[in-house]
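In what follows, a structure is listed as structure tokens, so that the remarks can point back to it.
No value in this document is a laboratory result; all are computed from the given coordinates. Only a predicted model underlies this, so the values are computations on that prediction, with no experimental measurement involved. Cβ placement follows ideal geometry from the backbone for every residue including glycine, while neighbour counts extend to all protein chains displayed.
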Amino acid sequence: GGGVSSCATCDGHMFMGRDVIIVGGGDTAMEDALVLARTSRRVTVVHRRDRFRASKVLAERVMEHPSIDIMWNSTVQRIKGKKLEDPSAKKSAGRNDDDDDDIDLDDESSSSGDDAKRVVSGAIIRDVATGEETHFPCEAVFVAIGHTPATSFLRGVVDFQDDHPGYVRTVGKTTRTSARGIFAAGDVSDPSYRQAITSAGAGAAAALDAERYLSEEGLGNEAAEFEAELLAELMAEENDAKASLGGEEYNAYD
Ligand SMILES: Cc1cc2nc3c(=O)[nH]c(=O)nc-3n(C[C@H](O)[C@H](O)[C@H](O)COP(=O)(O)OP(=O)(O)OC[C@H]3O[C@@H](n4cnc5c(N)ncnc54)[C@H](O)[C@@H]3O)c2cc1C
């Protein structure tokens, strides 16, 4: 809620009518810029090159949008912020909402020692050609420089998606992967939605797929099989005991 986010669809609504920055030049950055432009006052896309890597259609929609500005050949060097103090403390100290404590939000020492909430107040933008740095006032910075799923440990085990490196490929609408008995659900296999609810749904699908797989393999009912075997063993022991008593009444609880 402080204004640094990697999810425009999740957090964009918190900056309705405010000025925000998007960092990136790919499809994600373009989509996020268009989402934010619906609610934010001005959206500024900060991109380190002089052209977007995004698809032509998306890039054109961004470049033609009346609420979106573009800072080419630029990078965000630092995110600046201010502390939001208790309103009563502010009043007594004669402060107002525009007071800018000018803290670096990425400097961990800026958060030590008090519980005050920190919010974005701007960003230091660097011109990559000249090296010149300027302060750009804004209330949120959305980082859209791509996602890399932590799936390197699956290299050589499952297949990955051709268009989205690192994302596990699943078979059709199932969560099955190229490796039998391995299922993928959530962000690791979904470059499109990456939402909590879609991931949870995929998790439920993976559980069902895994259960079906176990039952197809005849491995699904091990507990029931174990119980049946145990019961048969106990009954056999009881019968042996009866036989050894030569017909005398046998009570297992004696
Ligand atoms: C800042 C932020 C804000 C967001 N806000 C929203 C929102 O408001 N609404 C929304 O719907 N979505 C939101 N999302 C997206 C949402 O969090 C994800 O889509 C969702 O958490 C994905 O769920 P998942 O189970 O696939 O992965 P994760 O939640 O990332 O869980 C993966 C788990 O696997 C563990 N793990 C990784 N590698 C290994 C390994 N080798 N062995 C064992 N465990 C491992 C990780 O530690 C982690 O616990 C947000 C995401 C971010 C980053």
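Just rank Y167, Y213, fewest to most, by other beta-carbon atoms within 10 angstrom. Kindly include the intermediate steps, with their values, before the conclusion.
Numbers: Y167 21, Y213 17.
Least crowded to most crowded, the residues run Y213, Y167.
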What is the percent of Cα-Cα separations in the stretch 152-214 that go past 20 Å? 21 percent
From the phi of every residue in the stretch 33-47, what ³J(HN,Hα) in whole Hz does the Karplus formula 6.51 cos²θ - 1.76 cosθ + 1.60 yield, where θ is phi - 60° and glycine or proline is x? 4, 5, 5, 5, 5, 6, 10, 7, 6, 10, 10, 10, 8, 9, 10
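Just want the ordering: I22, I182, from fewest to most Cβ atoms lying within 10 Å of their own Cβ. Display every interim value, and only then the final one.
Details: I22 31, I182 16.
Listed from fewest to most nearby Cβ atoms, that is I182, I22.
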How much length is gained on full extension from Y193 to E237, taking 0.36 nm per residue of separation minus their Cα-Cα distance? 10.0 nm
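Would you please put 41-51, 66-76, 126-136 in order of how densely packed they are, using the mean number of other Cβ atoms within 10 angstrom per residue and starting with the highest?
On the way: 41-51: 18.5, 66-76: 16.3, 126-136: 12.5.
Averaged packing, sorted descending, gives the order 41-51, 66-76, 126-136.
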Please give, to one decimal in nm, the separation of the simple spin-label points placed at H164 and H65, each 7 Å out from Cα toward the Cβ. 2.1 nm
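Once you keep just the Cα pairs under 8 angstrom separated by 6 or more residues, what percentage relative contact order results for the stretch 152-214? Can you show the working numbers first?
On the way: 76 pairs, mean separation 16.4, N = 63.
Result for the stretch 152-214 is 26 percent.
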Compute the separation of the alpha-carbon centres of the stretch 31-91 and the stretch 132-192 and state it in Å as a whole number. 23 Å
In Å, what is the Rg of the alpha-carbon atoms in the stretch 141-253, and how long is Dmax? 24.9, 87
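How would F183, F226 line up from fewest to most surrounding beta-carbon atoms within 10 angstrom?
Numbers: F183 23, F226 10.
Going from sparsest to densest Cβ surroundings: F226, F183.
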Stokes-Einstein D for the stretch 1-55, Kirkwood Rh over Cα pairs, 20 °C, 1.002 mPa s (µm²/s): 191 µm²/s
